[in-house]
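Presented below is the structure to which this report refers.
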Amino acid sequence: MEYNVKLSRPYICIRRPEGLSFGGSQEWFEEKTVRDYGCGLIGAADVLLYVSRPAQAGEGSGDAASREEAARELTFEEYGRHVAALRRHFPIIPGFGMPGWFLSIGFNIIFRRQKSPYRAKWGLPHRRLLYSIAEMLRQDIPVILSAGPHFPRFWGKEGLTLYREAADETMLPAARTRAHYVIVTGIAGEWLRISSWGRMYYIRIAEYEDYVRRYSCPLFSNICFIRPCGPCTEKTL
């Protein structure tokens, strides 16, 4: 089944000397542990910024749209303070990174402390993965997706291709990655639109599924599933 769904509001962006980003990037930070292994921390920071931002009344037209555009922009200094405040809840293992269950634990600590309506868990059966991503996007929740490490051959070098959209709307290979978290902000047919390293990329869904099957495994290549508490729960999936 194909889906066509995206976040209902513009994604967050950070004002940098090179311009406005599309989400955050661990590459901006001087600390080597964050720069080399901080994609999980950055993913958590971006999701929390997005879900905690209040919706604008009348969003999408006139002055309300302008206010929303301004509200989603942060300076790098503001973003850096936000990331630093989350370090204790989303610890990074030097040389390894952040296991997916660290993400769910950190989110749930913060959600409970803030009396937020959300709860998180790491990992779903892969047959439900795409459906669950679409459900989160419909509820206006960005999705942390992992292109996990190789398993059991951890030393493998094959990566997942990330694409950029050209001016003529064709998709061009732009980067390859593995053992990396990205943020899904939309699904359009065979493509996932994502934020990674502060830029917009696309993942071909069939290639992601092939990567998991051939090189990784569902335990490591999965999503952090966040749902509102109450009537809309995992039972609806």
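Normalising by the residue count of the chain, find the relative contact order in percent from Cα pairs under 8 Å and 6+ residues apart.
Values: 428 pairs, mean separation 61.7, N = 237.
Taking the mean separation of contacting Cα pairs over the length of the chain, I get 26 percent.
Can you grab the distance from the C-alpha centre of region 69-147 to the C-alpha centre of region 5-36, Å, no decimals?
When both Cα centres are located, 14 Å separates them.
With the dipole of region 3-236 worked out from charges on the C-beta (+1 for Lys and Arg, -1 for Asp and Glu) around the Cα centre, which of Ile141, Cys217, Gly80 lies farthest toward the positive end?
The residue sitting most towards the positive pole is Cys217.
How much FRET efficiency would the formula 1/(1 + (r/R0)^6) give for Phe76 and Cys217, where r is the Cβ-Cβ distance and R0 is 41 Å, rounded to 0.05? Before the final figure, lay out each step's value.
Numbers: r = 36 Å, r/R0 = 0.88.
Efficiency computed from Cβ-Cβ geometry: 0.70.
Springs between alpha-carbon atoms under 10 Å, Gaussian network over the chain: tell me which of Leu124, Leu160, Leu145 tops the mean-square fluctuations.
Evaluated over the chain, the most mobile residue of the options is Leu124.
Could you give the length gained by full extension between Arg164 and Trp101, i.e. 0.36 nm per residue of separation minus their alpha carbon distance, to one decimal place?
On the way: separation 63, 0.36 × 63 = 22.68 nm, distance 2.99 nm.
The span from Arg164 to Trp101 would gain 19.7 nm if fully extended.
Sort 113-120, 17-24 by the packing proxy (mean of other Cβ within 10 Å over each peptide's residues), most packed first. Intermediate results must be reported in sequence, preceding the final value.
Numbers: 113-120: 14.1, 17-24: 16.6.
Top to bottom by mean Cβ count within 10 Å: 17-24, 113-120.
Anyone know which of Gly95, Gly148, Gly80 comes out most mobile in the 10 Å Cα GNM of the chain?
Highest fluctuation of the listed residues: Gly95.
Given H placed 1.01 Å from N in the peptide plane, which residues other than close sequence neighbours of Leu124 have an amide H under 5 Å from its amide H?
For Leu124, whose amide H was placed from the backbone, the distant partners under 5 Å are Ile223.
What does the charge count around Gly38 come to, taking other residues whose C-beta lies under 13 Å from its C-beta (Lys +1, Arg +1, Asp -1, Glu -1)? Mind dumping the intermediate values first?
Details: positive: Lys32, Arg35, Arg87; negative: Glu27, Glu30, Glu31, Asp36, Asp46.
Here the charged neighbours net out to -2.
Tabulate in residue order the Karplus-calculated ³J(HN,Hα) for region 131-145, using 6.51 cos²θ - 1.76 cosθ + 1.60 with θ = phi - 60°, rounded to whole Hz; enter x for Gly and Pro.
4, 5, 4, 4, 5, 5, 5, 4, 8, 6, 10, x, 10, 7, 10
What does the charge dipole of region 3-236 about its Cα centre add up to, to the nearest 20 debye, if the Cβ of each Lys and Arg holds +1 and the Cβ of each Asp and Glu holds -1? Don't jump to the answer; show the numbers that get you there.
Details: 32 positive and 24 negative charges, 199 e Å.
It works out to roughly 960 debye.
Which listed residue (Pro125, Phe102, Leu192) has the Cα farthest towards the positive end of the charge dipole for region 92-201, taking +1 on Lys and Arg C-beta and -1 on Asp and Glu C-beta about the Cα centre?
Value computed over the given set: Phe102.
Under 5 Å between amide hydrogens, which residues at least 5 positions from Val143 or on another chain qualify, with H placed 1.01 Å from N in the peptide plane?
When sequence neighbours closer than 5 places are left aside, the close amide H contacts are Val184.
Answer rounded, prolate or oblate for region 100-159, using the Cα gyration tensor with square roots of eigenvalues a ≥ b ≥ c: rounded when a/c is under 1.5, else prolate when a/b is larger than b/c, else oblate.
oblate
No lab work stands behind these numbers, since they all come straight from the coordinates. This one's a predicted model, so the numbers in the text were calculated from it and none came from an experiment. Cβ sites come from the backbone with ideal geometry, for glycine too, and all protein chains shown count toward neighbours.
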